[in-house]
Structure formats: structure tokens, C-alpha cells
Amino acid sequence: AQSVTQPDIHITVSEGASLELRCNYSYGATPYLFWYVQSPGQGLQLLLKYFSGDTLVQGIKGFEAEFKRSQSSFNLRKPSVHWSDAAEYFCAVVDLNRDDKIIFGKGTRLHILP
Amino acid sequence: KAGVTQTPRYLIKTRGQQVTLSCSPISGHRSVSWYQQTPGQGLQFLFEYFSETQRNKGNFPGRFSGRQFSNSRSEMNVSTLELGDSALYLCASSLAPTVAAGGNTGELFFGEGSRLTVL
């Protein structure tokens, strides 16, 4: 079955430190890949997306993600986190060869230490 | 321009009742999709509408239904509520009928959600 795995439920980093959030997916072909962020009490906001082309994509708020086909991964990175980055992050996938439904990972909650 | 608007933001119901949630998409967006978010299951796709037609449906029982009106506003209904239906229900709108069909225009814009508590 199709799945999106975010292995880390919670991650805590110090303000100013680098960040990497992991995302793995299980699909046969190249999917569309997304990262969304959800602040407390808010809806989801798109950070970045990968459809094709350059496997390193830049997003808003200084985030980037790299698509690695060989590892079925789409990890999110930021070189230096800010306290305002504390939120929940969701990786999502749309499989173009199946039913076009978007599948979300369970999310990773990011905590920032001052 | 205004974002996606969901009403009501909070509501409390009891088991067996039914509930209707409303979603007004961004002006010009013809696609609306609905999601259920719970701590245990995360975000799950419910259904998607484009131009008043259901384009896609998730794996939810028939108690969950939806519709879209000619002005693109959408409603979802849950009948015979169960305790497990307590969740944040999110609505998203986009320009394209599906992400795959629209590519970049299929980007989802989410509302803040309707938080349903079933007692």
C-alpha cells in the first residue's frame, strides 16, 4: 500500500542550529512531493514542492528539500532555525500513476530551545 | 485576497447527531478538498470536488458526505456521529481539479479548520 513515513514524531533543536526532518515514501513511480507546516491552531501552509527537474528545491522561510529517488526520500532542511519555526511539519505525496489522492505523513512536531 | 474560510471554527455535538461544516474557497478556485486530522491517524483525505462533481474519495464510511455548490462553496456532512469523529476538519482549495492535473496550479490552500468534539 502507498505510504508516507515521517520517522520522527518529535524533534527538539536549539535556536540557530541546523535542522533536518526525514520523509520516506513507498511508491512505484516518481510522485509529486510536498512539505507543509502547521502552526498551532492554524491550517496547513505549503513550504515547498517537487514535481520534476532539479532535485534540490527551495521553499519559503529558508527551507529546502532534496528528492533522492534511490532512497525514496524527501528530507526537509534548514541551516539555522528560528523560534518561530516551532510547528508541526507534514510530508505529503501524490502518486500520479494511481488515484491522484494526496497522502500525508503523520507529522513531525518541531520544538525549539532558546 | 481572502483565504479559505471554514465555519464554524468550533462545535460540540453528541453521539448520534449530525453535523454540517462549510468551506468557502479562495475566489476563483473551483476545487475543494476535505481532510480529517486526528492525533492518532494524522491527516486523512476525505473527498475532493471540482465544479460540483466529486472527483476523488478517501476511505471513509458513507456517514461522511459532501457537496459543492455552483459558487464553489462546499459543505461536508457527518451523520450519526461517533466519538471517533472528534477531529479537526480541514478544507483546502485550489485552481486545478487535482494536483496531478494542475501541477503547480494544483497547490492546496488550507483553511484554519473546524474543530468538532463529539461527546
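Loop-located GluC sites (Glu not before Pro) across segment A:1-88 with a Cβ neighbour count of 15 or fewer within 10 Å are A:E15, with loop assigned by DSSP. Taking GluC sites (Glu not before Pro) in DSSP loop conformation with at most 13 other Cβ atoms inside 10 Å as exposed sites, chain B has its longest uninterrupted site-free stretch at B:1-51. When only Cα pairs below 8 angstrom with a gap of at least 6 residues are kept, chain A shows a relative contact order of 37 percent.
Taking R0 as 41 Å, what's the FRET efficiency between A:T5 and B:S22 from their Cβ-Cβ distance, rounded to 0.05? All intermediate terms of the calculation are to be shown ahead of the outcome.
Numbers: r = 34 Å, r/R0 = 0.82.
Given R0 = 41 Å and the Cβ-Cβ separation, E is 0.75.
With the simple spin-label model, which puts each label point 7 Å out from Cα in the Cβ direction, the A:L56 to B:L95 separation comes to 2.9 nm.
Summing charges over neighbours of A:Q45, with a neighbour being any other residue whose Cβ is under 14 Å away from its Cβ, gives -2 when K and R count +1 and D and E count -1.
Once C-alpha pairs closer than 8 Å and six or more residues apart are averaged by separation and normalised to the residue number of chain B, the relative contact order reads 35 percent.
Other residues whose C-beta falls under 12 angstrom from the C-beta of B:S22 contribute a net charge of +2, scoring Lys and Arg +1 and Asp and Glu -1.
Cross-link candidates for A:K101: which aspartates and glutamates have Cα within less than 17 Å, leaving aside residues fewer than 8 places away along the same chain? Within the straight-line limit of under 17 Å, A:K101 reaches these aspartates and glutamates: B:E48, B:E107.
Qualifying chymotrypsin sites (Phe, Trp or Tyr not before Pro) in segment B:39-114, where qualification requires a DSSP coil assignment and no more than 16 other C-beta atoms within 10 Å, comprise B:F69.
How much net charge surrounds B:D85 when only the other residues with a Cβ under 11 Å from the Cβ of B:D85 are counted, with Lys and Arg +1 and Asp and Glu -1?
On the way: positive: B:K13, B:R15, B:R63; negative: B:E82.
Local net charge: +2.
Between B:F69 and A:R22, the FRET efficiency estimated from the beta carbon spacing at R0 = 35 angstrom works out to 0.30.
Bear in mind these aren't lab numbers, they're just calculated from the coordinates by the rules spelled out. Because the structure is predicted, anything quoted here is derived from the model rather than measured. Because the Cβ atoms are built from the backbone with ideal geometry, glycine has one as well, and the counts that use them run over all protein chains shown.
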